[in-house]
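Accompanying notes for the structure given below.
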Amino acid sequence: MVVSPGFTGRRRSGTELPPGQYLTHEFPVLSAGPTPQIRTDHWEFTVATESGETYKWDWKALLALPAEDITRDIHCVTRWSKLQTEWKGVSLDTVLADVETAADYALVHSYGGYTTNLPLEDLLDGQAWIAYEYDGEPIHPEHGGPARLLVPHLYFWKSAKWVRGMVLSDSEDLGFWETAGYHEYGDPWKEQRYAGD
Ligand SMILES: Nc1nc2c(c(=O)[nH]1)N[C@H]1C(S)=C(S)[C@@H](COP(=O)(O)O)O[C@H]1N2
Ligand SMILES: [Mo]
């Protein structure tokens, strides 16, 4: 990794781009497979813990949780960044409030089979949401609707579209892109694109 002059390691927002990124005003679609069509009356979000407990939310239960408006920059590892994108969704702090776990890692699963791994702590403390609106509208299916993960402080491949749940565990299982050679953590400010960066 090349450390740029003045790099502080702090997470910044709104004015600056991470190293190697360019600004776009488009909203590119990046999907590793076809767009699954998920009806909200069939949608479910499941959390399985390291002790074998499972917790489930259906669409009504998700909407019943207090939602937040979220404005954040997003950074795709293919080098586009989009500033100050606007979402509505439920914080993972809220979703996981009553989940009993001491796990260190989460493997997030999507409808369609996509997976991505994150340390559980990166999903907490106001850093991650289950988002269901983008720009004041339900999230378009291509962009992950009816609901996607939003973890804007990491490269956008961590923000699993069509999210359906996560498995919490004491050891880190790699997800789809991470298994294919992308970085296990993916901090855009440290340019953690590929394993070993
Ligand atoms: N389920 C699923 N989630 C996914 C992906 C995917 O292929 N499948 N692609 C990831 C990547 S690489 C990026 S950059 C963003 C793209 O989101 P967008 O298509 O809404 O721009 O979704 C991430 N989440
Ligand atoms: Mo991406």
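Here are some notes:
- Hits in region 32-80 - residues which are open to solvent by 80 Å² or more (accessible area, probe 1.4 Å) and under 17 Å from Glu142 (Cβ atoms): Pro34, Gln37, Arg39
- Residue ID - nearest to ligand 2 (Cβ to nearest atom), chosen from residues in region 45-90 that are hydroxyl-bearing (Ser, Thr, Tyr) and outside any strand (DSSP E or B): Thr78
- Hits in region 89-112 (condition: open to solvent by less than 60 Å² (accessible area, probe 1.4 Å) and of a type in the set (A, V, I, L, M)): Val90, Leu92, Val95, Leu96, Val99, Ala103, Ala106, Leu107, Val108
- The residues of region 40-72 that are over 27 Å from Ala103 (Cα atoms) and touching a helix residue (DSSP H, G or I) at 6+ places or on another chain (Cβ under 9 Å), listed by number, are Thr40, Asp41, His42.
- Restricting attention to region 148-157 and to residues that are open to solvent by 10 Å² or more (accessible area, probe 1.4 Å) and near ligand 1 (Cβ under 10 Å from one of its atoms), the residue that is farthest from Thr116 (Cα to Cα) turns out to be Phe156.
- Criterion (outside any helix (DSSP H, G or I), in contact (Cβ under 8 Å) with a residue 60 or more places away in the chain, more than 13 Å from ligand 1 (Cβ to nearest atom) and closer than 23 Å to Thr40 by Cα) met by exactly one of Val167, Val108: Val167
- Complete set of residues in region 111-150 that are hydroxyl-bearing (Ser, Thr, Tyr) and outside any strand (DSSP E or B): Tyr111, Tyr114
- Within region 170-195, the set of residues being assigned to a strand (DSSP E or B) and either touching a residue at least 24 places away in the same chain (Cβ under 8 Å) or small (Gly, Ala, Ser) (or both) comprises just one member, Tyr182.
- Test for Ala103: is it in contact with a strand residue (DSSP E or B) (Cβ under 9 Å, 6 or more places away or on another chain), in a loop (DSSP other than H, G, I, E, B) and within 13 Å of ligand 2 (Cβ to nearest atom): no
- Residues that are among the aromatic types (Phe, Trp, Tyr) and either open to solvent by 60 Å² or more (accessible area, probe 1.4 Å) or farther than 21 Å from Pro28 by Cα (or both), drawn from region 158-179: Phe176, Trp177
- Qualifying residue in region 124-144 (condition: within 7 Å of ligand 1 (Cβ to nearest atom) and of a type outside the set (D, E, K, R)): yes
- Here Leu83 meets the list (1) away from ligand 1 (no atom under 15 Å from the Cβ); (2) of a type outside the set (Phe, Trp, Tyr); (3) open to solvent by 30 Å² or more (accessible area, probe 1.4 Å); (4) in contact with an Asp or Glu (Cβ under 7 Å, 6 or more places away or on another chain) almost entirely, failing just condition (1).
- Residue within region 40-58 that is within 16 Å of ligand 1 (Cβ to nearest atom), of a type in the set (Gly, Ala, Ser) and at pLDDT 95 or above present: no
The values are calculated or read from the model by the stated rules, or taken from the named source; none is laboratory data. Small disclaimer: the values here were computed from a predicted structure and weren't measured. So basically every Cβ, Gly included, is an ideal-geometry build from the backbone, and we count neighbours across all protein chains shown. Heavy atoms of the whole protein, side chains included, go into the accessibility calculation; ligands, DNA and RNA do not. Shrake-Rupley method; radii C 1.70, N 1.55, O 1.52, S 1.80 Å.
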